[in-house]
Ligand code: S3P
């Protein structure tokens, strides 16, 4: 539990860094674990989710040394993985669960995958379906839709898969299975999801062909160890970008943030709402671009957020909803039904928790409608164990009159272990 009070005269000012990108950190550990040789990772996110990935691959026999944001992985190829003696526990991490199933799709042994109460509610048939089609023996609760899931690799054949959901986790699981299949695997998605897997497979020496919404790769390619530099997570930076825009007297620079175009919807939305946000010092040292992002207190206006923009900011919708409470006019978020199957049902948790603070916000079937500008008032709110809801509520507390008590605040450790300490320092 955390109790936070409103920031009155002092805004949030300074130059900060945010921890490494969660999606890229997961992939660096996984791909390093199935590559040949020693992979070094710098800028790794030592949050609970990515530590779950390390734990699972250690149980699969991979030697992994991790110290803060530095990780060294001694990979012996995918054929070097060994039957785990214990259950593989993905904790709260959907990315670990779904990508791991892709890795295990062809392994000649049995594994059992479980996670926490939130994972147990998240649909896995989007991954178990295509993997079964490829030849994996896979079962689980509700015929393989929910954890616990048990999996034994089959001899895989390549498929041409048209995914009904635009999901980087589905795309990545199918591509990881495709690496181990006979023939060329092709996946077509309904819209562009984040492309970290494609970029990183290339960094590990694989050939991946991308043609608009279709990705394909030949089976039998092996990965060669490399050095991965993980940029700051734009999904973590998003909390400070919105804080910088809505907390009076703020002026913040966030250095070395990943600006992969499949992830920068938050910057586009803030600009469209009228925020003074600038992106400078753009660099691409490894396969992912990064830059410094600067923001200062701005007056915002409500906008519509929908369509192809949604996958580029899906994880940022909780904090965008808070920004919308402070914007003049109405913000409509639609085409975002995927929010219902994230760490919590984020349509419900965002709407219910912001309502408690006095926001005028209503849920719709595929998003929410927010009327601004609302005066927020502190009260007791709850993260419901969802890291992004916890951090959004902490930023809301900077504006809310009086004190805001956040229950289950420790959920932030999933993606941002030092979040509250850093916010405290900025508040001084
Ligand atoms: C992720 C993909 C996204 C995102 C999640 C992380 C990834 O989910 O919401 O937090 O690392 O591949 P989808 O698979 O639904 O796109």
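Just so you know, all these numbers are worked out from the coordinates, no wet-lab data involved. The structure presented is a predicted model; accordingly, all values stated were derived computationally and were not measured. Don't worry about glycine lacking a Cβ; one is built from the backbone with ideal geometry, like all the others, and counts go over all protein chains shown.
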Tilt, helix 387-397 to longest principal axis of the chain (alpha-carbon atoms), in degrees rounded to tens, equals 10
With a Förster radius of 22 Å, plug the Cβ-Cβ distance of residue 162 and residue 142 into 1/(1 + (r/R0)^6) and report the FRET value to the nearest 0.05. 0.40
Once you put a point 7 Å from the Cα of residue 155 and another 7 Å from the Cα of residue 224, both along the Cβ direction, what distance in nm separates them? 2.9
If you take every DSSP beta bridge fully contained in the chain, what fraction is antiparallel? Give it as a percent rounded to 5. 70
Pull out the extension gain between residue 42 and residue 121, defined as 0.36 nm times the separation in residues minus the alpha carbon to alpha carbon distance; nm, one decimal. 25.2 nm
Please report the base-10 log of the normalised intensity I(q)/I(0) for region 1-110, using a Debye sum with one equal scatterer per alpha carbon and no solvent, at each q in 0.18, 0.22 (1/Å). -0.84, -1.18
Can you order the peptides 71-78, 346-353 by their average number of other Cβ atoms within 10 Å per residue, highest first? 346-353, 71-78
Given that compact globular proteins tend to follow 2.2 N^0.38 Å, what is the ratio of the alpha-carbon Rg of region 22-229 to that value? 0.91
Using a Förster distance of 30 Å, the FRET efficiency for residue 68-residue 214 (Cβ separation, nearest 0.05): 0.20
With Cα springs under 10 Å, the Gaussian network model of the chain assigns the largest mean-square fluctuation among 103, 209, 257 to 209
The helix 346-356 Cα axis meets the longest alpha-carbon principal axis of the chain at an angle in degrees, between 0 and 90 and rounded to 10, of 20
With everything on Cα atoms, drop me the angle between helix 94-103 and the longest principal axis of the chain, reported from 0 to 90° to the nearest 10. 10
Quick check: residue separation of residue 272 and residue 362 times 0.36 nm, minus the Cα distance between them. What number comes out in nm? 30.2 nm
Cα→Cβ-extended label distance, 7 Å offset, between residue 375 and residue 425, nm: 3.5
Within 10 Å of each residue's Cβ, count the other Cβ atoms and sort 208, 377 from fewest upward. 377, 208
Grab the DSSP H runs of the chain that are 4 residues or longer, score each as -39,500 (n - 2.57), total them, divide by all residues and round the 222 nm result to the nearest 500 deg cm²/dmol. -9000 deg cm²/dmol
Tell me the label-point distance for the pair residue 182, residue 109, using the 7 Å Cα-to-Cβ offset, in nm and rounded to one decimal. 2.5
Normalised contact order of the chain, rounded percent, pairs of Cα under 8 Å and 6 or more residues apart: 17
